[in-house]
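The values are calculated or read from the model by the stated rules, or taken from the named source; none is laboratory data. This is a predicted model, so every value here is computed, not measured. Heads up, the Cβs are rebuilt from the backbone with ideal geometry, glycines too, and the neighbour counts pull from every protein chain shown.
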Amino acid sequence: MKNRLISVNLNFSYCMFYFEKGIPDDEWHISPGKQGQSVQYHPHFENEHYSNFYNFIYFADIFFLKAYTLCETIGHLLFKFYDIKIDENDSRDQISFNSAIFHLKNENRPLNRALNKVKYSTPFQKGVRMRNDIAHNHPPYEITSGVKFTSTGGSFGVGDYTTSKEIKKVMIGFLESIRAIFEDLYKHSASTS
C-alpha cells in the first residue's frame with residue numbers, strides 16, 4: 001500500500017510539473033486554421049508544449065491506473081479484515097473495492113454508508129470514469145474522430161477532447177476522494193478493533 005501511495009504521489013507531482021510548464025490547450029481547436037485548413041488542433045502549441053503535453057499524459061495515465069489500484073487494494077484488505085466470504089456460485093461476486101463496500105452492510109454499516117458516499121460522489125465517479133476511459137476506451141486527452149452515429153444516421157464533426165486543466169481538476173477530485181476513503185476507514189474501523 002505504501003508503495004502505491006508513493007507512486008500515486010510521484011505521478012501526480014510529475015503531472016503538475018509539466019502542467020505548470022505550460023500546456024495551452026484551453027482552445028484546443030480553431031476553424032478555420034491559421035493556414036486555411038478546415039480545422040487546426042492545438043493551435044497555440046509550440047515545440048515545448050508538445051513535450052509538456054506528452055509528459056503530462058504519460059504521468060496522468062500512470063496516476064489514474066495506480067490511484068484506482070489503491071481502491072482495489074483497500075477492497076482486498078477489507079475482505080481479509082472482516083473475513084468476508086464470496087459466493088463461489090455467483091460470478092459477479094468478486095474480491096474488489098465495490099464488492100467489499102457491498103458486503104460491509106452486514107459487517108460494519110457505518111463504514112458501508114461512508115464508503116458508499118465517497119463511491120457515489122461526483123469527484124470519485126469522474127476519476128473512475130477517466131481511469132476506465134484511459135484503460136479500456138478512448139483516452140480523454142486524445143481527440144476523437146468526430147464521427148457519431150445515431151438511430152437516424154451519422155454525422156462528422158470536430159470530435160471530443162478533455163483539456164489538461166480539466167484532467168488536473170479530475171485528478172485532484174480523485175485524490176480528495178481517496179483521502180476521504182482513508183479517513184472513513186480510520187474513523188469507522190477504529191471502533192471495531
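Structure data summary
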| item | result |
| --- | --- |
| Residue list for region 86-101, restricted to those being surrounded by fewer than 16 Cβ atoms within 10 Å (Cβ to Cβ) and of a type outside the set (Gly, Ala, Ser) | Ile86, Asp87, Glu88, Asn89, Asp90, Arg92, Asp93, Gln94, Ile95, Asn98 |
| Yes/no for Lys117 being more than 30 Å from Tyr58 (Cβ to Cβ) and of a type in the set (Lys, Arg) | yes |
| Residue list for region 128-145, filter: out of contact with any helix residue (DSSP H, G or I) (no Cβ under 6 Å at 6 or more places or on another chain), surrounded by 13 or more Cβ atoms within 10 Å (Cβ to Cβ) and without any contact (Cβ under 8 Å) to a residue 60 or more places away in the chain | Arg129, Asp133, His138, Glu142, Thr144 |
| Where a residue in region 98-111 is farther than 15 Å from Leu185 by Cβ and without any contact (Cβ under 8 Å) to a residue 12 or more places away in the chain and its partner, wherever it lies, is in a helix (DSSP H, G or I) and not hydrophobic (A, V, I, L, M, F, W, C), with Cβ under 6 Å and at least six apart | Lys105/Asn112 |
| Region 160-193 - residue that is small (Gly, Ala, Ser) and modelled with pLDDT under 90 and, of those, surrounded by the most Cβ atoms within 10 Å (Cβ to Cβ) | Ser189 |
| Residues that are without any contact (Cβ under 8 Å) to a residue 24 or more places away in the chain, loosely packed, with under 14 Cβ neighbours inside 10 Å and more than 26 Å from Leu175 (Cα to Cα), drawn from region 3-42 | Glu27, Pro32, Gly33, Lys34, Gln35, Gly36, Gln37, Ser38 |
| Residue match in region 136-144 (condition: in a helix (DSSP H, G or I), within 17 Å of the chain's Cα centre (by Cα) and under 17 Å from Leu70 (Cβ atoms)) | no |
| Identity of the residue in region 60-73, of a type outside the set (Ser, Thr, Tyr) and buried (at least 21 other Cβ atoms within 10 Å of the Cβ), that ends up farthest from the chain's Cα centre (by Cα) | Cys71 |
| Filtered residue count, region 145-169, keeping only those that are assigned to a loop (DSSP other than H, G, I, E, B) and either within 13 Å of Phe64 (Cα to Cα) or under 11 Å from the mean Cα position of the chain (by Cα) (or both) | 0 |
| Within region 135-186, considering residues that are small (Gly, Ala, Ser) and in contact with a strand residue (DSSP E or B) (Cβ under 9 Å, 6 or more places away or on another chain), the one nearest to Ser38 (Cα to Cα) | Gly157 |
| Odd one out for Asp83 among (1) buried (at least 17 other Cβ atoms within 10 Å of the Cβ); (2) assigned to a loop (DSSP other than H, G, I, E, B) | (1) |
| Residue identified as over 23 Å from the mean Cα position of the chain (by Cα) and either in a helix (DSSP H, G or I) or not small (Gly, Ala, Ser) (or both) among Lys117, Lys187, Lys126 | Lys187 |
| Index of the failed condition, Phe53 passing every other in (1) more than 22 Å from His138 (Cα to Cα); (2) crowded, with 20+ Cβ neighbours inside 10 Å; (3) in contact (Cβ under 8 Å) with a residue 40 or more places away in the chain | (1) |
| Single condition Tyr54 does not satisfy, out of (1) among the aromatic types (Phe, Trp, Tyr); (2) at pLDDT below 95; (3) under 20 Å from the mean Cα position of the chain (by Cα) | (2) |
